[in-house]
Amino acid sequence: MDDLNYNVAVNLKRIRREKGMSLEGMAEQTGVSKSMLAQIEKGIANPSLGVIGKIIGGLHIEFQELIEDVSPGFRLVHIKEMEPTKEVRGEYKIWNCFPYENNCVAKIYRIDMEPGAEYTGSSQGKKTRAYISVLEGEVKIRCGEEAYLVGKEDVFCLEMDRQHSYRNDTAKRISLICFFPDCHKRY
């Protein structure tokens, strides 16, 4: 079950209990079958937008209330269990470590690069900054005309207002963590 389905499952059950409703009562009020509601609450079903629409309309709740984050204040991410957000086979894989975080003030990505691979990014605009931490190996980071070699356990800060690239010139796979704070939000 992914994070979004988990949030819907937990929130739907909580909302039903807060309203003092049975599954039968909720089914009558929403027009969604009792069995479908039970499957959603158990995290078995992946409800369509139409079903979600019936639920929020019938319960008179906001969409956000159904999908809001229900994490207990911590979450362990297993990269090997996630699908990459972006991938070029034989070159690199990028994972968004926390894709469904609401009111998030940062994005965190894991990047694995094979030998010889290069990833080029475009300008992200003014006041956009990235912090790159090398977990394994050594990466060449190019910003405009300047190039920097960043090694294991090093952290590099990069203004994202120009084209930039990451390159693996080594003979082994390298791993990076990229942290993008939202400099427009206050912490």
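What follows draws every value from the coordinates through simple rules; no lab data is involved. Note that the structure is a prediction, hence the values are computed from the model and not measured. As a convention, Cβ positions derive from the backbone with ideal geometry for all residues, glycine included, and neighbour counts pool all protein chains shown.
Compute the distance from the alpha-carbon center of the stretch 1-31 to that of the stretch 122-187, in whole Å. About 42 Å separates the Cα centre of the stretch 1-31 from the one of the stretch 122-187.
Given only helices, namely DSSP H runs of n ≥ 4 each adding -39500 (n - 2.57), what is the per-residue ellipticity at 222 nm of the chain, to the nearest 500 deg cm²/dmol?
Working: 5 runs with 49 residues, N = 187.
Value at 222 nm, helices only: -7500 deg cm²/dmol.
Checking [x] -0.39, -0.96; [y] -0.28, -1.11; [z] -0.31, -1.00 against log10 I(q)/I(0) by the Debye sum over Cα atoms at q = 0.08, 0.16 Å⁻¹ calculated from these atoms, the matching label is [x].
In summary, the lysines within cross-link reach of residue 126, defined as a Cα separation below 18 angstrom excluding same-chain residues under 8 places away, comprise 107, 185. How would the stretch 79-181 be classified by its alpha-carbon gyration tensor: rounded, prolate or oblate, with rounded meaning a/c under 1.5 and the a/b versus b/c comparison settling the rest? Verdict is oblate for the stretch 79-181. First check a/c for the stretch 3-67, with a ≥ b ≥ c the square roots of the eigenvalues of its C-alpha gyration tensor; if it is under 1.5, answer rounded, and if not, answer prolate when a/b is larger than b/c or oblate otherwise. Rounded shape, in that the Cα axes give a/c under 1.5.
Contact order for the chain, expressed relative to its length and based on alpha carbon pairs under 8 Å spaced 6+ residues apart, stands at 18 percent.
If exposed means no more than 12 neighbouring beta carbons inside 10 Å and the site is in a DSSP loop, what's the longest run of the chain without any exposed GluC sites (Glu not before Pro)?
Working: sites that count: 62, 145, 153.
With GluC sites (Glu not before Pro) excluded where exposed in loops, the chain gives 63-144 as its longest stretch.
Straight-distance candidates among the aspartates and glutamates for linking to residue 152, with alpha-carbon spacing under 12 Å and chain neighbours fewer than 8 residues away dropped: 136, 138. Under the simplified labelling scheme, the residue 86-residue 46 pair shows an inter-label distance of 2.4 nm, with each label point 7 Å from Cα along Cα→Cβ. Take the chain and mark each of the trypsin sites (Lys or Arg not before Pro) that is in a DSSP loop with at most 16 other Cβ atoms within 10 Å; the longest unmarked stretch, sites excluded, is 20-74.
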